[in-house]
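Read through the structure below, which is laid out as structure tokens, and then see the notes.
The values are calculated or read from the model by the stated rules, or taken from the named source; none is laboratory data. Being a predicted model, the structure only gives us computed values, none of them experimental. Quick reminder, even Gly has a Cβ in these numbers, built from the backbone with ideal geometry, and neighbours come from all protein chains shown.
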Amino acid sequence: KASQEAQRRGWHLYLVGGAVRDLLLAKAVTRTLLIKDIDLVVDGFHKAADVGAGVELAKALQQIYTTARLEVHGAFQTAALLWHKDPELDSLWVDIATSRTEFYPYPAANPEVEASSIRQDLYRRDFTINAMALRLTSPNSGELLDFFGGLHDLEAKQIRVLHANSFIEDPTRIYRGVRFAVRLGFHLEPQTEEYIRYAIDSGVYDRTARENGRAPALQTRLKAELKHILEAPYWKSALQLLGDLGALKCIHHTLSLDENLLRQLRLLERCLRRYDPQGTLIHWQMRLEALIACLASEYRGEVAKNLQLPDDSIHRLENLAKARENVEKISVLPENGKAEISPSQVVQLLRQYDLPMLILVAVQSSRTIRQKIWKYLTVWSQVQPILNGNDLKKLGYKPGPHFRQMLDDLLAATLDGKICDRFEAEKFLID
Ligand code: CTP
């Protein structure tokens, strides 16, 4: 339908980007493919008014597919149609853009000019394997437009950038390149790797940092890439490659993948498996928080804010150092006749923190502390006082604010093994 509508208006329509790459890959391994994200480019128009072609085509399609939602971005350039039944299974996103070249003032159709327009659109893209187009309109519908050797690179299993400045212009492409390499089992083509290293050596991450305040678009894209990577099954290999390339500097110039960070990430996974078996926490975000937590404490909040993490996450990272210092107290060992800190004191100390904070603290702490946090989360935090408010009333105590203290005292005595049944609890209250 899209190609018919475009054809009727005398335009060309192309499928571009990731869908073409994935179609070719699926064909190579005779695999079925579910494409949820389709990028179309309209090209080949000859009137200035047609610069809004992508939007016009999207509107026309929405008249046909009335269940689709239409979104228009920017003044003219792009529109999207969304089918959004089930976010996981049934969603389909179709982006329709107008070829990103200036309108050319030639009165007549000129195939070379047309070709150069879609060529230029493709040339602005990140990697050769993402810069191919499949023509959807006649003549030559079904033709693959591969100006930069994308097919060759798919066969050679390599990620190759289109031009030397690509990573300087958009440092998040470093993360994309790594993501594609690891996800597809490809390698970074040597020259491309050199460009990445050059971009990092030349301080491209400074730009990411500098633009934080006034132009957060780069940070938004960086966060999206981090999410993509950290929620994928291949996140460890991707992080390793980013670390090898020195690309973690884009998050903060002091961040590198050293033994300490790797150890903390391993511990984090163990903690998530133990403390969050139902997967109620957002694991990719916890991984990102663990990365940021490895920075010196004065940088953590700022980096979390720049990446536009949610408020609770920013708050956690800002307060992590204080929380760690506080939690350290539970590791005090018995000395000079002083007793080891009691379970009720541990509960008292830890209950002010949420699960993600305790996980971040555990990841950075000694084994003794981790074991106490584990005991707190799995046993002590579940313990209830033997009597409740109603029991106190039945026992003849007058309700009031002092009930809270009485119940807290009962809970502490239960936790510390001083009372273990109702009889002992009642006696405890009288004493
Ligand atoms: N693109 C780009 N530079 C970026 C982001 C995107 O050149 N920083 C181009 C690429 O041609 C890419 C297309 O925009 O193929 C669509 O981007 P996106 O949907 O993010 O990526 P996909 O290639 O479709 O990858 P995925 O399968 O992971 O969605």
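Being among the hydroxyl-bearing types (S, T, Y) and under 29 Å from the mean Cα position of the chain (by Cα) is the filter here; which residues of the range 117-159 pass it?
Within the range 117-159, Y123, T128 qualify.
Picking from R316, R300, R287, R273, which residue would you name as being part of a helix (DSSP H, G or I), at pLDDT below 95 and either surrounded by fewer than 16 Cβ atoms within 10 Å (Cβ to Cβ) or basic (K, R) (or both)?
None of the others qualify; the one that does is R273.
Please work out which one of (1) crowded, with 19+ Cβ neighbours inside 10 Å; (2) closer than 30 Å to L272 by Cα is the condition A425 fails and give its number.
Unmet for A425, out of (1) crowded, with 19+ Cβ neighbours inside 10 Å; (2) closer than 30 Å to L272 by Cα: (2).
Exactly one condition in (1) assigned to a helix (DSSP H, G or I); (2) at pLDDT below 85; (3) in contact with a Ser or Thr (Cβ under 8 Å, 6 or more places away or on another chain); (4) of a type outside the set (A, V, I, L, M) is not met by K27; state its number.
(3)
Only one residue in T192, T172 is of a type in the set (V, I, T), within 12 Å of the ligand (Cβ to nearest atom) and surrounded by 19 or more Cβ atoms within 10 Å (Cβ to Cβ). Which one?
After ruling out the rest, the residue left standing is T172.
Just give me the residues in the range 136-169 being buried (at least 18 other Cβ atoms within 10 Å of the Cβ) and either within 12 Å of the ligand (Cβ to nearest atom) or touching a residue at least 40 places away in the same chain (Cβ under 8 Å) (or both), in sequence order.
The answer is L136, T137, L145, F148, G150, L154, I159, V161, L162, S166, F167.
I need a count of the residues in the range 1-30 that are among the hydroxyl-bearing types (S, T, Y) and over 19 Å from Q120 (Cβ atoms).
Residues meeting the conditions: 2.
Of the numbered conditions (1) touching a residue at least 24 places away in the same chain (Cβ under 8 Å); (2) away from the ligand (no atom under 12 Å from the Cβ); (3) surrounded by fewer than 19 Cβ atoms within 10 Å (Cβ to Cβ), K227 fails exactly one; give the number of that condition.
Of the numbered conditions (1) touching a residue at least 24 places away in the same chain (Cβ under 8 Å); (2) away from the ligand (no atom under 12 Å from the Cβ); (3) surrounded by fewer than 19 Cβ atoms within 10 Å (Cβ to Cβ), the odd one out for K227 is (2).
Return a yes/no flag: does the range 118-128 have any residue that is more than 10 Å from the ligand (Cβ to nearest atom) and touching a residue at least 60 places away in the same chain (Cβ under 8 Å).
yes
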